[in-house]
Each structure stands twice: as structure tokens, then as C-alpha cells.
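Take a look at the structure below.
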Amino acid sequence: MDEQQPSEGTPAGWLDDPQDPTSLRYWDGTKWTDNRAPKPPPPAEAAATSPPWPTRRKVAAGSAAAIIVGSFMPWASVTTAFGTLTVNGTDGDGRITAVGGGLVLFLIFTRRYMLALVGALLTGAGLVYDAMNISQALGEAESKYAMASIGWGLYLAIAGAAVAIVSTLPLTGEKRDGGQPKRRSRGFPFGGYDSRK
């Protein structure tokens, strides 16, 4: 049987066997030898082996961005027969919550998840406090001539803080390099890493 020869100048090595597509055959630089080996399996697809944390990280980063955006949007409005008065977040504590959201976003990108969680908790607490104060003030301002409501920006910022908390919490167990967390010591469950690893 006439065997297909590699192109001229092909160096010696393992090449696809011209007689069997499922195996390799050794080419000595001038002719095929009788040495054959099975082809290695194809490498697994990268998508199948990628860890699930990037999605959680993207959600956490997006929720921190929602805190920032919501901090600049309307936090309250009062509508009367003469028009609507809107108060944006940056007219008050929105500047603080925007900085808090920016800090949370920075900490997520630098993979300091525990600090990001603390930042999201503090920013969320400030937003809920502001919502209660605004709601109370709007209740006092509302009458039969004026209708008051909390603005969508404050709701967006609160929702962003809540999602940031929920999505950052599972990330706190991961190492900064994206690997598996170290095992905690059995004797002290809330702190101290196991020195055996």
C-alpha cells in the first residue's frame, strides 16, 4: 500500500498516521517507522472548566454600580397643582452613598470581598435610614394639595445594596487569586486559618 509522505523537510516526530486517523505514527525524518501510538484525547473546552465565581463577581459589581447610579437619581418628589419638585440623592446623603458604592465596586474589582461586604452593609444601612427619614418627611408634607413619593433612584440604590450584600457574601470565602479557600481550624471556627495547609 502506498503511504502518504509528509512534506519535504518535515522533522522527525510523532505525526498523524496516514493509514489510521485515530493514531499517531513516528516519522524518522526520511520514512515512516512501525512505531504507533493512540492519539491523545482532545482538550476539554475552557467553558466547561471555568469556575462559577466570575458570574457572582459580575453581579456584585453591577449591583455596586446600581448604588452609584441610584445615588444620583431622584430620591423624592412632591407634586402639586403648580408642578413637581424633585430632590436628587446628591442633594443630600446621595454623595455619601455614591462614594460607598464606588468603594464597594473598587473592593470587588480588587477581590477584597470581605471589605466589599462590609461596605455594602454600611451603605445599605445608610440608604435604608435615608428612606425612613424621607418617608417620614414626605408623610408630613403630603396633604390634599400635594402628593409626595419616594423617588426611583433611592429604590434602585437600596436594591443595589441588597444585591451587593447577597452576591458578595459567597465570594468572601474565596482566596484573592480565585482559588479555593483555606480550611479553617477545627478548634476556632470563626477565625484563624489552618496552618497545616
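The values are calculated or read from the model by the stated rules, or taken from the named source; none is laboratory data. Everything numeric here is computed off the predicted structure, so don't read it as measured data. For neighbour counting, all protein chains shown are included, and Cβ atoms are generated from backbone atoms with ideal geometry for every residue, glycine included. Only protein heavy atoms, including side chains, enter the accessible area calculation; ligands, DNA and RNA are left aside. Shrake-Rupley method; radii C 1.70, N 1.55, O 1.52, S 1.80 Å.
With the simple model of a label 7 Å out from the Cα in the direction of the Cβ, residue 22 to residue 140 spans 8.3 nm.
Solvent exposure of residue 142, expressed as accessible area, is near 90 Å², computed with a probe of 1.4 Å over the protein chains only. Ordering 125, 78, 33 by Cα displacement along the dipole of the range 4-159 toward the positive end leaves 125 in first place; charges were set at the Cβ atoms of Lys, Arg (+1) and Asp, Glu (-1). In this rough spin-label picture, where each label sits 7 Å from Cα along the Cβ direction, the residue 85-residue 99 distance is 2.7 nm. In this structure residue 30 has an accessible area near 110 Å², from a 1.4 Å probe over the protein heavy atoms. Subtracting the Cα-Cα distance of residue 166 and residue 8 from 0.36 nm times their residue separation leaves 50.6 nm of extension gain.
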